[in-house]
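Visitor: Structure incoming, see below.
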There are 2 protein chains.
Amino acid sequence: MVEPRVYDAMSKPIVGHLDPFFFEITQAVKTGLNTCFGTANEFTVAMSATGSGGMETAVANFVEPGSKFLVFASGYFCDRLIDMGKRQRATVIQIDKPWGETWTPEEMREAILREKPNTVAYVAAETSTGCWTDGKAICEAAHEVGALVIADCVTALGSMPIEFDKTGIDVAYSCSQKGLGCPPGLSPFTVSPRALEWLTKERKSQIPTWYFDIKLLAEYFGGAKRYHHTAPISMFYALHEGLTVIAEEGLENRFARHRLNRNAFVAGIEAMGMEMHVHRGHQLWNLMTPKLPEGISDMAVRKHLMDNYGIDIAGGFGQLTGKVFRIGIMGVLATKRDTLFLLEKFEEALRAQGFKAKDGAMAAAEAMYATSGS
Amino acid sequence: MVEPRVYDAMSKPIVGHLDPFFFEITQAVKTGLNTCFGTANEFTVAMSATGSGGMETAVANFVEPGSKFLVFASGYFCDRLIDMGKRQRATVIQIDKPWGETWTPEEMREAILREKPNTVAYVAAETSTGCWTDGKAICEAAHEVGALVIADCVTALGSMPIEFDKTGIDVAYSCSQKGLGCPPGLSPFTVSPRALEWLTKERKSQIPTWYFDIKLLAEYFGGAKRYHHTAPISMFYALHEGLTVIAEEGLENRFARHRLNRNAFVAGIEAMGMEMHVHRGHQLWNLMTPKLPEGISDMAVRKHLMDNYGIDIAGGFGQLTGKVFRIGIMGVLATKRDTLFLLEKFEEALRAQGFKAKDGAMAAAEAMYATSGS
């Protein structure tokens, strides 16, 4: 769901891609994104591509041919990072867990100290599993061995804290259409001074992509305003408006709102006798993955919700095909009213398929709102 | 200038990137783009990137590492093709002309038969010079030596004929914001069956980019509808509406309208005693480059037009810095009224800077409309 005022912003007349007004917009976008990422980075832009374009930008700039690229892999988008690393002709080391699980700080540390990679990537918020991975131990160990750290923040940005600087991340990317509540089309992208220095001074081979070349983009969005490509102006208007909406609510309030609705939904799910796929403490604040109860068709439940209420929830895929639902509660829909409505109709759809839900789901969710607990 | 109804289309609520409605849109976009390109290609899409992203897609997919890449170079965007070819680690052969000139069919043929490249690229419509290059001789010679041909159509698509199939082009790309009259953000892209077959059967090395991988995109936009990236839905709405506007006018009518206004403007320019930089027969139909008269400041002329009338014309850059104006007359602005207004105010601005314009510019332009000559 996109805020009406964000749609309105897109219908405003465009200016040129070298117009001072456009650079006012990009400056405001940078400030807004830095707040969401939790960073003071100088290089923060919206890439003229969708989230996967941001991922490719990260890998193409910060993974050199022949270098060692370590990826913590427990979901679909980890696999995409691995694919991209291979295309960069890096030696890819893959540290696996079943989809939806994550690593202990000791496991992270041990893998990095053992492999001594040049670049490490992890998916902070994995869209395919609903799992959050805290990268603090990754960043600490990586920096000890002189490696850079890439964090995929596609689902999380704008809905839960990333804490880029505090965690010690070097490169992070996201998308415009999830936590930020805008239409898809841009990829927020931020680079630490340390990684930028590596790129300009230590990277040996030429960056293999022109469109995603961070050094050229730094000249365009930075002080020089040197023409690179023609940015999608209307999308920048949308992102600017979306970030304004976030600033008006206050980022901390927005985070708390998402967490509260997540907590209420999970309380309801567990009260009716279902389990969450991701362990408590690692669940995203805006994407929930309840396990599919045995004998229930996820397709039938999804169809019930779509046909009767226009509610669109997703199923699992890859390792989680037929094992979980994937339910986003974010942006304008992360409200008590919408969350309770969703929970009620979800239970109804499950019961219609023969699931013996325990009573009390709605009460459990309501109770969570009453205490506003975390 | 963007049509108001195209802006309106962008403010429509988005659907999912795997929604059947979205694929109806992409199918209509394909049909509309094929008409503009003059092709019956099966693979025609809008890339989720701006025009330069289309250029990178062409080079990354169809220029292999270690292969021979011949570029006909007489403008800024030719240089970008060369840059991208080098990033693909190809051996780049550059056939130079001064900016704004083009090659005879014999010169094209001779260069290709001599060099026997694997891939040839040329810029059909060069934005930096206003020059049109007809690629027929390039395509014939290239196919004789088994090479693929890439044509940059960024400025031309939707304003003048490309004749992709008739010319024998293999790969062409464009942008959404020039001849098609939409906001920037998508890159129309089309591939001949021959080039697609080369890509799937003969290319030896892995495509080095995931985001711009044509084989993966063929699975997404083609029959399988297999998830690749999250397409910028709103931009597709815009392009779809822009193509509908074009279809309503009729493509041939639209081409004729651009050519007539180009002819009228050029007649006026020459009547006042100025010269065009590009020779007759090679001038684009929507971007004109009159030579800057000696002793006149292009900056002052541009400022006069902008300050007094909000008219935005560009100067030359690169080899043409201080040598030409670059004046676009396209889309909704390619009308008799707007063209005559522009001509009148352009003459006024030149006179204000001391240019001794001959009388009769407006009459010469009017005469062109009266005869509707080509």
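Nothing in this text is a laboratory measurement; each read-out follows from the coordinates by a stated rule. The structure presented is a predicted model; accordingly, all values stated were derived computationally and were not measured. Note that we place each Cβ from the backbone using ideal geometry, even for glycine, and neighbour counts take in every protein chain shown.
Visitor: From a point 7 Å beyond the Cα of A:Glu344 in the direction of its Cβ, which residues of the stretch A:301-329 have a backbone N at a distance under 17 Å?
Guide: A:305-306, A:308-312
Visitor: For each pair in A:Lys303/B:Lys215; A:Lys86/B:Lys68; B:Lys86/B:Lys291; B:Lys97/B:Lys345; A:Lys345/B:Lys12, compute the distance between the two Cα atoms and list the pairs where it is over 29 Å.
Guide: Those over the limit are A:Lys303/B:Lys215; B:Lys86/B:Lys291; B:Lys97/B:Lys345.
Visitor: While we're on this one: Take the alpha-carbon centre of the stretch A:122-190, take the same for the stretch B:329-362, and report the distance between them in whole Å.
Guide: With the stretch A:122-190 and the stretch B:329-362 each reduced to a Cα centre, they are spaced 53 Å.
Visitor: At a Förster radius of 41 Å, what calculated FRET efficiency corresponds to the Cβ-Cβ distance of A:Ala363 and A:Gln319, to the nearest 0.05? Let's see the in-between values first.
Guide: On the way: r = 34 Å, r/R0 = 0.83.
For R0 = 41 Å, the calculated efficiency reads 0.75.
Visitor: Further question: By the scheme Lys and Arg +1, Asp and Glu -1, what is the net charge of all other residues having a beta-carbon under 13 Å from that of A:Ala363?
Guide: Surrounding charge for A:Ala363 is -4.
Visitor: Evaluate the distance, in nm, between pseudo-label points positioned 7 Å from the Cα of B:Phe21 and of A:Tyr227 along their respective Cα→Cβ axes.
Guide: Once both label points are built, they end up 3.9 nm from each other.
Visitor: What is the sum of charges around A:Val191, taking Lys and Arg as +1, Asp and Glu as -1, for the other residues whose C-beta is under 11 Å from the C-beta of A:Val191?
Guide: Values: positive: A:Arg194, A:Lys215; negative: A:Glu42, A:Asp170, A:Glu197.
Overall, the nearby charge balance is -1.
Visitor: Shifting gears a bit: How big is the protein assembly as shown by the Kirkwood estimate over distinct Cα pairs, in Å?
Guide: On the way: mean 1/r = 0.0365 Å⁻¹.
After inverting the pairwise mean of 1/r, the radius is 27.4 Å.
Visitor: Here is a follow-up. What share of the DSSP beta bridges in chain A is antiparallel, in percent to the nearest 5?
Guide: 50 percent
Visitor: Now a separate question. So how tilted is helix A:20-37 from the main axis of chain A? Cα-based, degrees 0 to 90, rounded to 10.
Guide: The angle comes out at about 60 degrees.
Visitor: At 7 Å along the Cα-to-beta-carbon direction for both A:Ala28 and A:Met306, put a label point, then send me their distance in nm to one decimal.
Guide: 3.7 nm
Visitor: For the stretch A:60-152, just list the percent of Cα-Cα distances falling in each 10 Å bin from zero outward, please.
Guide: Histogram of Cα-Cα distances, whole percents per bin: 19, 55, 26, 0.
Visitor: Along Cα→Cβ at 7 Å, what distances in nm separate the A:Ala300 label point from those on the other copies, shortest first?
Guide: The projected label point of A:Ala300 is separated from its counterparts by 8.2 nm.
Visitor: Once you sort the root eigenvalues of the Cα gyration tensor of chain A as a ≥ b ≥ c, which label holds: rounded (a/c under 1.5), prolate (a/b larger than b/c) or oblate (the other case)? Don't jump to the answer; show the numbers that get you there.
Guide: Details: a/c = 2.08, a/b = 1.37, b/c = 1.52.
It comes out oblate by the Cα gyration axes.
Visitor: By how many degrees, between 0 and 90 and to the nearest 10, does the Cα long axis of helix A:251-271 differ from the longest principal axis of chain A?
Guide: 40 degrees
Visitor: So what's the net charge close to A:Glu56: Lys and Arg +1, Asp and Glu -1, counting the other residues with Cβ under 13 Å from its Cβ?
Guide: Numbers: positive: A:Arg80, A:Lys86, A:Arg87; negative: A:Asp83, A:Asp152, A:Asp213, B:Glu56, B:Asp213.
Value of the local net charge: -2.
Visitor: Placing a label point 7 Å from Cα toward Cβ, how far apart in nm is B:Ala256 from its equivalents in the other copies, listed shortest first to one decimal?
Guide: Spelled out, the distances from B:Ala256's label point are 6.7 nm.
Visitor: Then there's this: Could you work out how far helix A:51-62 tilts from the main Cα principal axis of chain A, as a 0 to 90 degree angle to the nearest 10?
Guide: The answer is roughly 40 degrees.
Visitor: Can you list the aspartates and glutamates whose alpha carbon sits under 12 Å from that of A:Lys166, skipping same-chain ones fewer than 8 residues off?
Guide: A:Asp134, A:Glu140
Visitor: Any idea what the A:Tyr369 label distances to the other copies are, label 7 Å down the Cα→Cβ vector, nm, shortest first?
Guide: Nearest first, the other copies' label points are 6.4 nm away.
Visitor: Applying 1/(1 + (r/R0)^6) with R0 = 51 Å to the Cβ-Cβ distance of B:Thr104 and A:Thr244, what FRET efficiency is obtained, to the nearest 0.05?
Guide: Here the calculated transfer efficiency is 0.35.
Visitor: Provide a whole-number value for the mean count of partner chain Cβ atoms within 10 Å of the Cβ atoms in peptide A:200-210.
Guide: Partner Cβ neighbours, averaged per residue: 4.
Visitor: Which aspartates and glutamates have a Cα lying under 20 Å from the Cα of A:Lys323, excluding residues fewer than 8 positions away in the same chain?
Guide: A:Asp79, A:Asp96, A:Glu101, A:Glu126, A:Glu270, A:Glu275, A:Glu294, A:Asp298, A:Asp312, A:Glu347, A:Glu348
Visitor: Just tell me how shielded A:310-317 is by partners: mean number of partner chain Cβ atoms within 10 Å of each residue's Cβ, no decimals.
Guide: 1
Visitor: Let me ask you something else. What does the extension gain come out to for A:Arg280 and A:Lys356, with contour length at 0.36 nm per residue minus their alpha carbon separation?
Guide: Between A:Arg280 and A:Lys356, full extension yields 25.0 nm more.
Visitor: Continuing with this model, one more query. Summarise the partner chain shielding of A:229-239 as one whole number: the mean count of Cβ atoms from other chains within 10 Å of each residue's Cβ.
Guide: Average neighbour count from other chains, rounded to a whole number: 6.
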